[in-house]
Amino acid sequence: MPNQVPLVSYLVLGDDPHLIAHECTNCKARFFDRRNGCAKCFGTEFKDVSLPKEGKVRAFSIVHSAAPGIKVPFVASVIECGTTRVSANIINVDPKPENLKLGMKVKLATYVLGKDEVGTEAIGFGFEPA
Amino acid sequence: MPNQVPLVSYLVLGDDPHLIAHECTNCKARFFDRRNGCAKCFGTEFKDVSLPKEGKVRAFSIVHSAAPGIKVPFVASVIECGTTRVSANIINVDPKPENLKLGMKVKLATYVLGKDEVGTEAIGFGFEPA
Amino acid sequence: MASENLYILGIHMTKFGKYPNRDLIDLAAEAAQGAFKDGGVTMGDMNILAAGNLRGTGRIGQPLQKQIGQTGIPVYNVTNACATGATAMRVVMMAIKAGEADMGLAVGSEKLAGVGLLTGANVKADGKTWTPEGRFDAVSATDGRIGTETMPGVFAQIGMEYGSRYGEVSFETFAKISEKNHYHSTLNPLAAYQKRMSLEEIMKDVMVAYPNTRPMCSANTDGAAATVIVSEKKLRTLSKAQQDRAVKIAASVLTTDPWEDGCQVLANVNTCTREAAKQAYAQAGVGPKDIRLIELHDCFATAELVHYDNLMLCDEGAAVEHFNSGATWREGRQPVNVSGGLESKGHPIAATGIANVWEIATHLRGEAGPRQIEGAKIGMTHVIGLGNTCAIHILQK
Amino acid sequence: MASENLYILGIHMTKFGKYPNRDLIDLAAEAAQGAFKDGGVTMGDMNILAAGNLRGTGRIGQPLQKQIGQTGIPVYNVTNACATGATAMRVVMMAIKAGEADMGLAVGSEKLAGVGLLTGANVKADGKTWTPEGRFDAVSATDGRIGTETMPGVFAQIGMEYGSRYGEVSFETFAKISEKNHYHSTLNPLAAYQKRMSLEEIMKDVMVAYPNTRPMCSANTDGAAATVIVSEKKLRTLSKAQQDRAVKIAASVLTTDPWEDGCQVLANVNTCTREAAKQAYAQAGVGPKDIRLIELHDCFATAELVHYDNLMLCDEGAAVEHFNSGATWREGRQPVNVSGGLESKGHPIAATGIANVWEIATHLRGEAGPRQIEGAKIGMTHVIGLGNTCAIHILQK
Ligand SMILES: [Zn+2]
Ligand SMILES: [Zn+2]
């Protein structure tokens, strides 16, 4: 099996790929990016927490116009994983309005984005209908 | 003789190449660019006036670093043509401090900048020691 | 000082559209000189200039001053995404309230014609070996792979998210909002597009980001707008004609988005708008029902809907019913975007926040001609800068 | 309101230098959080944020707010060339004087390490056929052909022009100014370069734009600075420790260049500086002789000289004599740029206008350690944004 790297560091690979969030140890606000502080309480300590792999669709758009290299149309969405909202594409679905519904249940899925010149695979993620 | 165009429209070519300024008809402030109004009196009417071809050096710098395509070092300067200040290179002089002096007398000179693909020459200008 | 009233003395917008032979400063100068003429003043009367531009150099104040008058006054160059023009107005107002000026010019200018999709995209070429970069340690571009950063897609989701809270909103409803605005535009000679479009035409047009088709997206155009703002004290020294046409700025509010879960995942334009509206109503001492007409930030048809609710023009959750009642059409109880809105008037970003003030002021002055909303005494403008900023002005005659 | 005094409550600058692994927001956040800590406050105490950045996205306010605290307050993104940081401070001050805030944060951040020559160059590829473009109908690039738009060349001429008015200034004199500033930098741990340089080393270094060699040019570095500004009324409600360290802003002035012949041919940084200085002295009720130390905009050694005169630190035309008297060395009567100045401390553009306030405030607080200027009770900062803007602050303890 080739070496793999995640598209972003909040995607944890391995036997059980899942997303993590940086949770403020003071107020429990959650973030996905490298932090200088907490946007809610201004704290500066965070711990990583795992997110559920299942969620439901809070919002979506079928995007027909994107940067070069991105296949269109694709489905951009906001997924509620428990109480935490996540940005993700809805994948493994024909991107038509009739196949998408607010509140629909989805689950995390990963895919190979591509290989670099030393053969390492980059792994992306999306959510697919559950 | 090939067709010629001036580098900028305030350089008038022909038998007697010279610079023109746009003079505010109200307050006589002078400008070289296309105008929306007068920076001094807010008037919006201008007429073109010819500048003397001789002047003296008000300020200069021997510039050793420039955009690609510009030969360095070159002498950037501000020339006083009568009472009007003009930006120009000092040309036809070895660009060394000992050859340049504040207040030195200079006169307008033109040169061929290059030809385009239909053979038209672009004409640039500078001031040379008088 | 802080309680002194401020007024719009002069205001002007260029026609929005394509100006291939005019630069940012030409447009800004036309707007500024138009505002001076409208207000019966000159650059020599200004004590401050605040200038906004987003997609050019971002700093047009001094180049503009070089063209319309170098008087030595302080110049502030501001940006705040699509709220840039409104932010320039706020800076002038603060200078006056601070006692540093009694009259000032705010201007916004943008060249956007022919610009393609506006994205916040962090697209980078895939490197030869994957190398983590940025705040997400991304080894490749994330825009389009982890949701979208394109404006049509972001605002589409903002509209859909409203459906998650209060019941699904149909594609047709969003399209009807666009139908209204394109209908309104037919009466506005300064709109870039003045073509009435049927609901069917709108729904069958090119899909940009479902549920927003092309005519449901703001139009990328060139344009500029400018306004002269004056203190009440100074206004009282001017002519009766000037005083008669001056429009009172009853409220001026700028907010950003307070923390709420998910707000860094999908831009939250609701919280900052609702908060700005609350503050604006309090400042002006009026309620939503007192507002005769509104220019709100319909950067996309999906956005207009949510702002009916955010601006409290309807009961909470009742934006669809509100729209379906006909209230927001120009013949309705409380018309929204009688200018045609950004979808048809055009959206030269930095100009927008002043152009919407021009629209309201023109109605309050009774000078809107065939598109005049009768009896307009109080109007409101709203603009959103993604990222986020909300600016609201309430104007009163 | 307008007459209320304002104070620096907290202020912080990052060390200037190279930060390849930190972005604009990391630097801005360090500066902001440092300023909060210095002032004993939090983001929750701020009622306004003004943020400046020039060479990045130009709008860092909201991305910063997302990292240090989303409280819903108004955010203003400003630019004013090298006066950007000072302009952010002015916006916060106007908000407080206007009664819209009692405490606010101004921040400037820039990533400039490794950036080459900063030009305003309108270089365009020569087209296949000559086509007139722009305000001069230029058929090809003019920068380098009709004078220079590069900063070193522009400021070299500004120094030479002083010589035209008051008698030629030697290369050596300009180089000695740089020698002074590099000497000063050896005591400033936050300076990007802290290396003493001999006059000979400076004169024999790479010539950039005669008479400015490389060490006579401001250093392109990364860095950020931030300050918390508070109203006197609010300050009086804070702890004695906070009140004791607060530094009064005795004057704050922003100007642009009034019309004068030639000002659109060679940037005129003299008129706007002299006017700003006059206004600042009047606001503070002090004269040039009352100022104990000055941080002025030595973007190039040639610039420092002219500002001795513009700030009226010497008699008109006597800048060379003033420098030769030794007055501006740290051991002299009225030291200038004891931080090392932009030539050695570094010049992360948008941070500069706040970092120079940090330097003066640190001396007035008696916290400058080995480089402390004794008895400093009043100090002045000066910054120039080409194009032009001048900002001056007078601080008092
Ligand atoms: Zn927290
Ligand atoms: Zn004039």
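Derivation of every value follows stated rules applied to the coordinates shown; laboratory data play no part. What you see is a predicted model, and the numbers here were worked out from it, not measured in a lab. Cβ atoms come from the backbone with ideal geometry, glycine included; neighbour counts cover every protein chain shown.
Here are the numbers:
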item	result
The stretch A:55-130: GluC sites (Glu not before Pro) in DSSP loop, at most 10 other beta carbons within 10 Å	A:Glu117
Cα-based Rg / Dmax (Å) for the stretch D:20-61	11.4, 32
Enclosed volume per residue, in Å³, of the convex hull spanned by Cα atoms of the stretch D:217-262	169 Å³
Spin-label model distance (nm) - C:Gln372 vs D:Tyr166, 7 Å beyond Cα toward Cβ	6.3 nm
Estimated FRET transfer efficiency when R0 is 25 angstrom, pair D:Lys240-D:Asn21 (beta carbons, to 0.05)	0.05
FRET efficiency, 1/(1 + (r/R0)^6) with R0 51 Å, evaluated for B:Val49 and A:Val93 via beta carbons	0.10
Rounded Å value of the spacing that divides the Cα centres of the stretch C:7-42 and the stretch C:48-104	14 Å
Charge dipole magnitude, Cβ of K and R +1, D and E -1 - the protein assembly as shown, Cα centre, debye nearest 20	1340 debye
Across the protein assembly as shown: Cys residues that no other cysteine approaches within a C-beta distance under 4.7 Å	A:Cys81, B:Cys81, C:Cys82, C:Cys217, C:Cys263, C:Cys299, C:Cys314, D:Cys82, D:Cys217, D:Cys263, D:Cys299, D:Cys314
On Cα atoms only, tilt of C:269-284 relative to the major axis of chain C in degrees	20 degrees
Whole-number Å³ per residue for the convex hull built on Cα positions in chain D	143 Å³
Cα coordinate range in the stretch D:321-397, projected on the principal axes (Å, largest first)	35, 31, 22
Pairwise centroid distance, computed over Cα atoms, of the stretch D:330-346 with the stretch C:222-279, Å	43 Å
Label distances, nm, B:Glu98 versus same residue in remaining copies, Cβ-directed 7 Å point	8.9
Per-residue Cβ neighbour rank within 10 angstrom, fewest leading, D:His382, C:His297	D:His382, C:His297
Isotropic mean projected area of the C-alpha convex hull, the protein assembly as shown (nm²)	42.0 nm²
Cα long-axis angle, helix D:301-310 against chain D (0 to 90 degrees, to the nearest 10)	70 degrees
Peptide B:70-83, shielding by other chains (average Cβ, 10 Å cutoff)	4
Projected area, mean over directions - the stretch D:51-123, Cα convex hull, nm²	5.9 nm²
FRET efficiency for A:Asn26 and C:Thr57, using Cβ-Cβ distance with R0 set to 41 Å, rounded to 0.05	0.45
Long-range Cα-Cα pairs in the stretch D:190-306 (distance over 19 Å), rounded percent	67 percent
Order of C:Met94, C:Met380 under a 10 Å beta carbon neighbour criterion, fewest first	C:Met380, C:Met94
Placed amide H near D:Lys15: partners under 5 Å, 5+ positions off or other chain	none
Calculated P(r) tail over 21 Å for the stretch D:263-363, as whole % of Cα pairs	32 percent
Nonlocal amide H pairs with B:Gln4, under 5 Å, H built at 1.01 Å	B:Glu121
Too-long pairs where the Cα-Cα distance tops 28 Å, listed order kept, from A:Lys105/C:Lys278; C:Lys233/D:Lys240; C:Lys18/C:Lys180; C:Lys176/C:Lys289; B:Lys53/D:Lys128	A:Lys105/C:Lys278; C:Lys233/D:Lys240; B:Lys53/D:Lys128
Globularity index of the stretch D:1-74, i.e. its alpha-carbon radius of gyration over 2.2 N^0.38 Å	1.19
Share, in percent, of DSSP beta bridges within chain D that are antiparallel, nearest 5	75 percent
Residues of type lysines that A:Lys40 reaches as a straight line, Cα spacing below 19 Å, ignoring anything fewer than 8 places off in the same chain	A:Lys28, D:Lys37, D:Lys66
Cα centroid of the stretch A:3-73 to Cα centroid of the stretch C:149-217, whole Å	30 Å
Calculated over the stretch A:19-130: convex hull of Cα atoms, volume per residue (Å³)	137 Å³
Residue exposure sequence - D:Thr142, D:Thr84 - by fewest surrounding Cβ within 10 Å	D:Thr142, D:Thr84
Copy-to-copy label separations for D:Glu367, where each label sits 7 Å from Cα toward Cβ, in nm and ascending	5.3
DSSP-loop trypsin sites (Lys or Arg not before Pro) across the stretch C:216-290, with at most 14 other Cβ within 10 angstrom	C:Arg236
Label-point separation in nm, D:Ala318 to D:Gln194, each point 7 Å along Cα→Cβ	3.7 nm
Amide N proximity, the stretch D:135-157 versus B:Thr120 label position 7 Å along Cα-to-Cβ, cut-off under 16 Å	D:136-141
Tail beyond 18 Å, pair distance distribution of the stretch C:1-158 (Cα, percent)	66 percent
Minimum Cβ-to-axis distance in chain A for the rotation onto chain B, with residue, whole Å	A:Pro68, 14
Number of partner chain Cβ atoms within 10 Å, mean per residue of B:115-126	3
Aspartates and glutamates with Cα under 17 Å of D:Lys248, excluding same-chain neighbours fewer than 8 positions away	D:Glu4, D:Asp38, D:Asp102, D:Glu232, D:Asp290, D:Glu295, D:Glu359, D:Glu367
C-alpha long axis of helix C:349-364 to longest principal axis of chain C, angle in °	60 degrees
